[in-house]
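First up is the structure itself, then whatever we jot down about it.
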Amino acid sequence: MTYEGTIERVRPQQFHETVGLEDWRVLGEGACAYFRTGSLAVGAKLVQAISELPGVGSGHPDIDVRHDGVTVRLITLSGDFYGLSERDVELARRITAVARTLGIPADPSAVQTVQVTVDALAGPAVVRFWRALLGYDDRANSPEDLIDPQRRGAPFYFQRMDAPRPQRNRVHIDVWVPYDRAEARIADAVAAGGRLVDDAHAPGHWVLADPEGNEACVGTAGWTGPAPARR
């Protein structure tokens, strides 16, 4: 674990190896859990219980409630810090404990995050266009990222290009999945007619393409070791 100012950063693999976080998976820069409530009424009870926990504050955590389940996302945003912290570890443990007390099971296989990535030569000009078109906001301290102010739409990331690449598409989708689901997701995509383009950075991410060559990436949030044993 590393320290940045007064905040202790937690890396994805460290998070997954921590006892008590088996319900959670790191996707991109945040940790997510999905709880199968089976009804909106039960989901509302879970959200109410979470809202009363120590450490819950403005914008932390993000919670999405649907008729059959609740998705919770944890990430620390403080000044120049953006990522997972010890604060998120402790709150994840508390949320898991509350869900288990209510008899609500978690399904780690059901979480994912989708990001749209745009390769751009004129980065700032391209970002301005998409910011205006989407009605998105800049992500704090990251001029190459745009986020939905309602936290509903997929974030946009603008990847700097040094030279045009006319032979490749310049907009692609990044799909962040749990580290223990990546190979199955890739296999499904290949079986559906896609192909593996590049696995040089696996298990961090893989590049795939559809039958017409449009590319997408499957990422696992920096996992570098074997899947940890269930505790």
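List the relative contact order of the chain as a percent without decimals, with contacts defined as Cα pairs under 8 Å and 6+ residues apart.
20
For a test of the definition: using alpha carbon positions, the gyration tensor, and the 1.5 limit on a/c, classify segment 144-223 as rounded, prolate or oblate.
Oblate is the answer for segment 144-223, as a/c is 1.5 or above yet b/c matches or exceeds a/b.
Looking at the square roots a ≥ b ≥ c of the eigenvalues of the Cα gyration tensor of segment 84-195, which shape do they give, rounded for a/c under 1.5, prolate if a/b is larger than b/c, or oblate?
oblate
Is it possible to state the helix-based mean residue ellipticity at 222 nm for the chain, with each DSSP H run of 4+ residues giving -39500 (n - 2.57), the sum divided by total residues, to the nearest 500 deg cm²/dmol? What is it?
Using -39500 (n - 2.57) per qualifying helix, the result is -7000 deg cm²/dmol.
Might you tell me the accessible area per residue for the chain, computed with a 1.4 Å probe and given in Å²?
53
Once the Cα gyration tensor of segment 118-158 is found, what semi-axes does its equivalent ellipsoid get, as square roots of 5 times the eigenvalues, in whole Å, sorted largest first?
Value: 16, 10, 9 Å, ordered largest first.
Among the GluC sites (Glu not before Pro) in segment 51-91, which ones are in a DSSP loop with at most 10 other Cβ atoms within 10 Å of the Cβ? Mind listing them?
When the GluC sites (Glu not before Pro) of segment 51-91 are filtered for loop state and at most 10 Cβ neighbours within 10 Å, Glu52 remain.
Once you list every other residue whose beta carbon is under 9 Å from the beta carbon of Ile75, what net charge do they have if Lys and Arg are +1 and Asp and Glu are -1?
-2
Under 8 Å for C-alpha pairs, at least 6 residues apart: give me the relative contact order for segment 37-131, rounded to a whole percent.
24
Give me the net charge of Phe35's neighbourhood, meaning all other residues with Cβ under 9 Å from the Cβ of Phe35; Lys, Arg count +1, Asp, Glu -1.
Net charge around Phe35: -1.
What Rg and what Dmax come out for segment 1-93 when only alpha-carbon atoms are used, in angstroms?
13.5, 42
Can you give me the P(r) profile for segment 162-204? Cα pairs, bins 5 angstrom wide beginning at 0, each as a whole percent.
Percent of pairs per bin, in order: 5, 16, 23, 26, 16, 8, 6, 0.
Relative contact order of segment 131-203, please, whole-number percent, based on alpha carbon pairs below 8 angstrom and at least 6 residues apart.
Dividing the mean separation by the residue count of segment 131-203 yields 13 percent.
Whole angstrom only: what separates the Cα centroid of segment 43-113 from the Cα centroid of segment 183-215?
31
Can you tell me what the convex hull of the Cα atoms of the chain projects to on average, as an area in nm²?
14.1
Out of segment 49-119, which trypsin sites (Lys or Arg not before Pro) are coil in DSSP terms and have no more than 13 other C-beta atoms within 10 Å?
Arg66
The values are calculated or read from the model by the stated rules, or taken from the named source; none is laboratory data. Everything numeric in this text was worked out from a predicted model, so none of it was measured. Every residue, glycine among them, receives a Cβ derived from its backbone with ideal geometry; neighbour counts consider all protein chains shown. Side chains are part of the model used for accessible areas, which takes the heavy atoms of the whole protein and leaves out ligands, DNA and RNA. Shrake-Rupley method; radii C 1.70, N 1.55, O 1.52, S 1.80 Å.
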